[in-house]
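Since the structure comes first, as structure tokens, the remarks are kept for the end.
Read the figures in this text as sums done on the coordinates, not as results from a lab. For clarity, every value in this text was computed on a predicted model and none was experimentally measured. Neighbour counts are summed over all protein chains in view; Cβ atoms, including those assigned to glycine, are modelled from backbone coordinates with ideal geometry.
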Amino acid sequence: MTLPALIFDLDGTLIDSVPDIHAASNEVLAENGFAPLTLMQVRGFIGRGVPHLVHCLLEASGAGGDEVLQARITAEFSARYEGAVGLTALFPGVREALTAFRAAGHPLAICTNKPLAPTSAVLRHFEIEPLFATIIGGDSLPARKPDPAPLLKAHQMLGGGRALYVGDSEVDAETAQRAGLPFLLFTEGYRKAPVSALPHAIAFSDFAMLPGIVAHWPWQADLASP
Ligand SMILES: O=C(O)COP(=O)(O)O
């Protein structure tokens, strides 16, 4: 019997990327004459893709609503951030959990709102890209999460069937709900609301717990799974 597919969000779930995103944001803001923002401010802007991040950067800098500026800063941020991985870390236990899932035969995928180029760069940096059969980025489809289309596409690319989505945020919880997949909430990521406010099947704080959770998943009782 095929083992369940596991689909992962990236930022705030597998990787702690805020320091690099914060640094690239402040460099681009400085080049355009704006003051730096705090790490926690930028952390709150992550999860809905680069255009949303840049929109929030400009709003917080008192320059929202300028579409020409938005387009320029989006291009400048993308160029600066792509390949900026030096301050990014895998969350503890991620490499071990992913390696164990792959060795056991679980089909693995990523469904992130981060564009494909920086996604691939960071996965190559940590030498984990070959573990994933499918990678859906924020620029893979016309729609981004919380639209369910990217998650449904990742699920389909893995052959459908039993699957779980693992993520850290409000966006991920809504996406899983709309796609009809059970959602596993990693509590140490970038969510803004309390755990209780996010619809989820189970919450976990340490990737060392994940193999046990998946191995004992109550599929029969899980009416949400397709
Ligand atoms: O907003 C982004 O660029 C990426 O966020 P995600 O990996 O949590 O989807």
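What residues of the range 159-179 lie in the reach of a label at residue 197, counting those whose backbone N is under 12 Å from a point 7 Å from the Cα along Cα→Cβ?
Residues passing the 12 Å test: 170-171.
Looking at the chain as a GNM with Cα springs under 10 Å, which of 88, 112, 175 has the largest mean-square fluctuation?
88
State the answer as a single residue: which of 154, 63, 8 lies farthest towards the positive end of the charge dipole of the chain, with beta carbon charges of +1 for Lys and Arg and -1 for Asp and Glu, about the Cα centre.
154
Using +1 on the beta carbon of Lys and Arg, -1 on that of Asp and Glu, and nothing else charged, what's the dipole of the range 18-81 about the Cα centre, debye to 20?
180
What translational diffusion coefficient, to the nearest whole µm²/s, does the chain have by Stokes-Einstein, given a Kirkwood radius computed over alpha-carbon pairs, a temperature of 20 °C and 1.002 mPa s viscosity?
120
Where a ≥ b ≥ c are the square roots of the eigenvalues of the C-alpha gyration tensor, would you call the range 18-81 rounded, which needs a/c under 1.5, or, failing that, prolate if a/b is larger than b/c, or oblate?
rounded
Specify the residue with the greatest mean-square fluctuation among 188, 67, 27, computed from a Gaussian network of the chain linking alpha-carbon atoms under 10 Å apart.
67
Return the whole-Å distance between the Cα centroid of the range 1-25 and the Cα centroid of the range 53-131.
Centre-to-centre (Cα) distance: 7 Å.
Is the range 141-192 best put as rounded, prolate or oblate by its Cα gyration tensor, with a ≥ b ≥ c the root eigenvalues, rounded for a/c under 1.5, and otherwise prolate when a/b is larger than b/c, oblate when not?
oblate
Would you mind counting up the charge near residue 113? Only other residues with Cβ under 14 Å from its Cβ, with Lys and Arg at +1 and Asp and Glu at -1.
Net charge in that neighbourhood comes out at -3.
Would you order 200, 216, 125 from fewest to most other beta-carbon atoms within 10 Å of each residue's own beta-carbon?
Exposure proxy ranking, most exposed first: 216, 125, 200.
Which of the lysines could a cross-linker bridge to residue 192, judged by Cα under 18 Å and excluding same-chain residues fewer than eight apart?
Hits, sequence-local ones excluded: 145.
Please give the net charge around residue 174, taking every other residue with its beta carbon less than 10 angstrom from that of residue 174, where Lys and Arg add +1 and Asp and Glu add -1.
In short, -1.
Compute, for the range 116-187, the length of the dipole vector about the Cα centre, with Cβ point charges of +1 (Lys, Arg) and -1 (Asp, Glu) only. Units Debye, rounded to 20.
Here the size comes out at about 220 debye.
Of the candidates 135, 202, 21, which one comes out as most mobile in a Gaussian network treatment of the chain with C-alpha springs shorter than 10 Å?
Of the options given, 202 has the highest mean-square fluctuation.
Taking neighbour counts of Cβ atoms within 10 Å as a proxy for exposure, in what order, fewest first, do 165, 81 appear?
With the fewest neighbours first, 165, 81 line up as 81, 165.
Please give the residues of the range 1-23, grouped as numeric ranges, whose backbone N is less than 18 Å from a label point set 7 Å along the Cα-to-Cβ vector of residue 41.
Answer for the range 1-23: 18-23.
Among 40, 157, what is the fewest-to-most ranking by other Cβ atoms within 10 Å?
The most exposed by this proxy come first: 40, 157.
Under a Cβ-only charge scheme (Lys and Arg +1, Asp and Glu -1), can you give me the dipole magnitude of the chain about the Cα centre, in debye to the nearest 20?
The calculation lands at about 480 debye.
Using helices alone, I'd like the mean residue ellipticity at 222 nm for the chain: each DSSP H run of four-plus residues gives -39500 (n - 2.57), total over residue count, nearest 500.
Helix-only estimate at 222 nm: -12000 deg cm²/dmol.
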